[in-house]
1. Just give me the residues in the stretch 105-124 being under 16 Å from the mean Cα position of the chain (by Cα) and at pLDDT below 90, in sequence order.
2. Condition first: among the aliphatic types (A, V, I, L, M), open to solvent by 40 Å² or more (accessible area, probe 1.4 Å) and within 21 Å of Y5 (Cα to Cα). Can you find one or more residues in the stretch 86-98 that meet it?
3. Can you tell me which of (1) open to solvent by less than 70 Å² (accessible area, probe 1.4 Å); (2) at pLDDT below 80 is the one F102 doesn't meet?
Amino acid sequence: MAITYTARGSGTNNTSNTSFTLNSATNFTAGSTAVLTIASDNSAGAGSSFNTVTDTLGNTWTAANGNVYNVGGANSGVQGIVFYTAMNGGTIQTTTTITVSFSSTTTAKAWTLSQLAPGAGNQVSFRSVSGQFSAGASTTTPTLTYTNVTNGDCIVAGTFNEYGTTQSVTQDSDATSGTWTTQQTTAVGTTSAG
């Protein structure tokens, strides 16, 4: 069996600070991998202000691909990143506090938390896919093109935009090479700004 995906929650934080905390909406399964996808204001300008992710179990969180879209300076664009952990310190429960830290004060933040559970005798591993994501563009139809997905592989992707709370996100319907799970979508800010 391949990888099983389970949504474990989403949320927002719209308070100006250098860190925020979150909790899973449901308990994770032992032996699975936790995936945290985060979007926020680009508070450091052209560079990422994402610093670390930690939790009260002492799990090691690793940053996968991240991106900054800077349209003119700090807080005028958006940044996004994916962190993951094999839960080497303990299995995440609803009582586990996860802390996301930034190198500079950041206001608008949105996140989704997911579980990837491998089939019996398998494991989840991540590989970075450089050049497969856009560094920022003004489009309502962003795309991801990746052709080397083999049977049993899973794509974890995030779309990060500076649009506010009125955007409509439509899930990909192309199932030529497999199926998509139900997307998680969350937004923070006002109707005109994130």
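The values are calculated or read from the model by the stated rules, or taken from the named source; none is laboratory data. All values derive from a computational prediction rather than experimental measurement. Ligands, DNA and RNA are excluded from the accessible area calculation, which covers all protein heavy atoms including side chains. Shrake-Rupley method; radii C 1.70, N 1.55, O 1.52, S 1.80 Å.
1. So in the stretch 105-124, the residues under 16 Å from the mean Cα position of the chain (by Cα) come out as 108-116.
A108, K109, A110 - these are the residues of the stretch 105-124 that are under 16 Å from the mean Cα position of the chain (by Cα) and at pLDDT below 90.
2. If we filter the stretch 86-98 for residues that are among the aliphatic types (A, V, I, L, M), which is where we start, we get 86-87, 92, 98.
Still in the running and open to solvent by 40 Å² or more (accessible area, probe 1.4 Å): 86.
Subset that is within 21 Å of Y5 (Cα to Cα): 86.
Yes; the residues of the stretch 86-98 include at least one that is among the aliphatic types (A, V, I, L, M), open to solvent by 40 Å² or more (accessible area, probe 1.4 Å) and within 21 Å of Y5 (Cα to Cα).
3. Of everything listed in (1) open to solvent by less than 70 Å² (accessible area, probe 1.4 Å); (2) at pLDDT below 80, F102 misses just condition (2).
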